[in-house]
Amino acid sequence: MLNCGIVGLPLCGKTTIFNVITKAGAEVKPYASGKTDPNRAVVPVPDKRFDKLVEIYQPKREVPAQVEFVDLAGLSKDASKGAGLGNAFLSFVSESDALIHVIRCFDNPQVPHPEGNIDPSRDWEIVEMELIFRDLSVIENRLSRLNSKKKLQDEEKREQDLLERCKKFLLEERPLRELELTAEETKLLRGFAFLTVKPELVVLNLDETQVDEDSVPGMEKFKRLSTERNLQVVRLFGRMEMDLLELGEDEQKEFMEDLGIREPGRERLIAAAYKLLGLISFFTVGKDEVKAWTIRQNSTAVEAAGAIHTDLARGFIRAQVVHYNDFEANDFSMAKSREKGLLRLEGKEYLVKDGDIIEIRFNV
Ligand SMILES: Nc1nc2c(ncn2[C@@H]2O[C@H](COP(=O)(O)OP(=O)(O)OP(=O)(O)O)[C@@H](O)[C@H]2O)c(=O)[nH]1
Ligand SMILES: [Mg+2]
């Protein structure tokens, strides 16, 4: 299962956000935990389409899509040089498929900020630079090995050129995710497990007193930075949403409305993380089971079949497909959808869309 690692400076609210997402109830302390062993939890991905299908089919079993979240220890300045938990921490980051970067906006005198004051863009840059330094040191190591060889094979020469390009890019303080690469180059780089290629979602962790986010010191500067760097940003009232988890949904909404907060960030954040990972869902439906299956974007019908069972991919004949939106527009009736030609048979190479309802015809 793919996972999102939660990163950020010490005491920015990573574990709090992890608890909001996962309802795992991990311990939250007002001093840096210094814990290397990450908290992990698998959570169902909220999807109104899935809920509706369950309501229609009333199946014996319902299985939503899932994603794993990993709550990492705080990343200190100079971690790439071994400070704080240093390399141990960075190796955990390298195991994540995508990053959720928590930025502290809340002010809390009981919880000292490691840099002394609230400044979202500075904090973003510190963590980003550590990831860049770590990637640079991986590149330097490899390059010095390649450079020490008397004669390079063609493939090694290509690798050397590509790494030089990456290095130049990183030295301009830009993450590798912004570098344009061919499919082949992407594959070549995969083995290095670079940290700055991982897709990143920024979470602004706000305090309930910061409903007007412009009251956060340095917010204007951060907004400029996020436009310039094309950051994907989600806002969340971490501690408040964690405290509200015990309440029922309605009570929670009411409470938040009183504070002037439109909607809880939890579901939005999980959905954004799922998308960030490049994942989509297709559904299988029936009286026994309604299930949301997770595949990567641009997967084919036969790959989708393989996600269900290798036999289905091996004996694949056709996929019967109707998109959820069409199904809904036709009163959730397969017969009506078929009449309109919206329920159709697709071959192996069909690119599955997020929200397709699929039945695999196969023969083994
Ligand atoms: N006032 C306020 N305090 C918060 C908020 N979010 C987190 N805190 C407090 O900040 C402290 C640290 O929160 P954690 O979630 O443990 O932070 P962390 O980033 O996981 O910390 P480390 O793992 O030690 O790096 C706790 O005392 C939280 O209650 C918030 O939105 N407002
Ligand atoms: Mg923590």
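Within the bounds of the stretch 116-124, is there any residue that is within 16 Å of ligand 2 (Cβ to nearest atom) and modelled with pLDDT of 95 or more? The answer is yes, given that some residue of the stretch 116-124 is within 16 Å of ligand 2 (Cβ to nearest atom) and modelled with pLDDT of 95 or more. Per the listing 99, 90, 146, the residue uniquely part of a helix (DSSP H, G or I) and either within 16 Å of ligand 2 (Cβ to nearest atom) or in contact (Cβ under 8 Å) with a residue 24 or more places away in the chain (or both) is 90.
Just one residue in the set 131, 143 is over 27 Å from the mean Cα position of the chain (by Cα) and surrounded by 14 or more Cβ atoms within 10 Å (Cβ to Cβ); that residue is 143. Taken as a whole, the stretch 242-259 holds at least one residue that is within 23 Å of the chain's Cα centre (by Cα), farther than 22 Å from residue 324 by Cα and at pLDDT below 90.
Considering 255, 316, which residue is closer than 30 Å to residue 206 by Cβ and surrounded by 13 or more Cβ atoms within 10 Å (Cβ to Cβ)?
Details: 316 fails: closer than 30 Å to residue 206 by Cβ.
Unique residue meeting the criteria: 255.
Taken together, the residues in the stretch 172-208 that are within 16 Å of ligand 1 (Cβ to nearest atom) and at pLDDT below 90 amount to 1.
Per the listing 162, 136, the residue uniquely assigned by TED's automatic domain parsing to the domain that holds residue 257 and out of contact with any Asp or Glu (no Cβ under 9 Å at 6 or more places or on another chain) is 136.
Among the listed residues 291, 287, which satisfies the condition of being surrounded by fewer than 19 Cβ atoms within 10 Å (Cβ to Cβ) and not hydrophobic (A, V, I, L, M, F, W, C)? First the steps, then the outcome.
Working: 291 fails: surrounded by fewer than 19 Cβ atoms within 10 Å (Cβ to Cβ).
From the options 291, 287, the qualifying one is 287.
A count restricted to the stretch 165-203 and to residues that are among the basic types (Lys, Arg) and either part of a loop (DSSP other than H, G, I, E, B) or not assigned by TED's automatic domain parsing to the domain that holds residue 128 (or both) stands at 2.
Only one of 2, 72 is away from ligand 1 (no atom under 15 Å from the Cβ), touching a Ser or Thr at 6+ places or on another chain (Cβ under 9 Å), modelled with pLDDT under 90 and closer than 30 Å to residue 296 by Cα. Can you tell me which?
Numbers: 72 fails: away from ligand 1 (no atom under 15 Å from the Cβ).
One residue alone meets the criteria, 2.
Taking the criterion of being of a type in the set (Lys, Arg) and either part of a loop (DSSP other than H, G, I, E, B) or over 26 Å from residue 47 (Cβ atoms) (or both), the residues of the stretch 345-364 that qualify are 348, 353.
The values are calculated or read from the model by the stated rules, or taken from the named source; none is laboratory data. Given the structure is predicted, the values throughout are model-derived calculations rather than measurements. Here the Cβ is made from the backbone with ideal geometry for all residues, glycine too, and neighbour counts use every protein chain on show.
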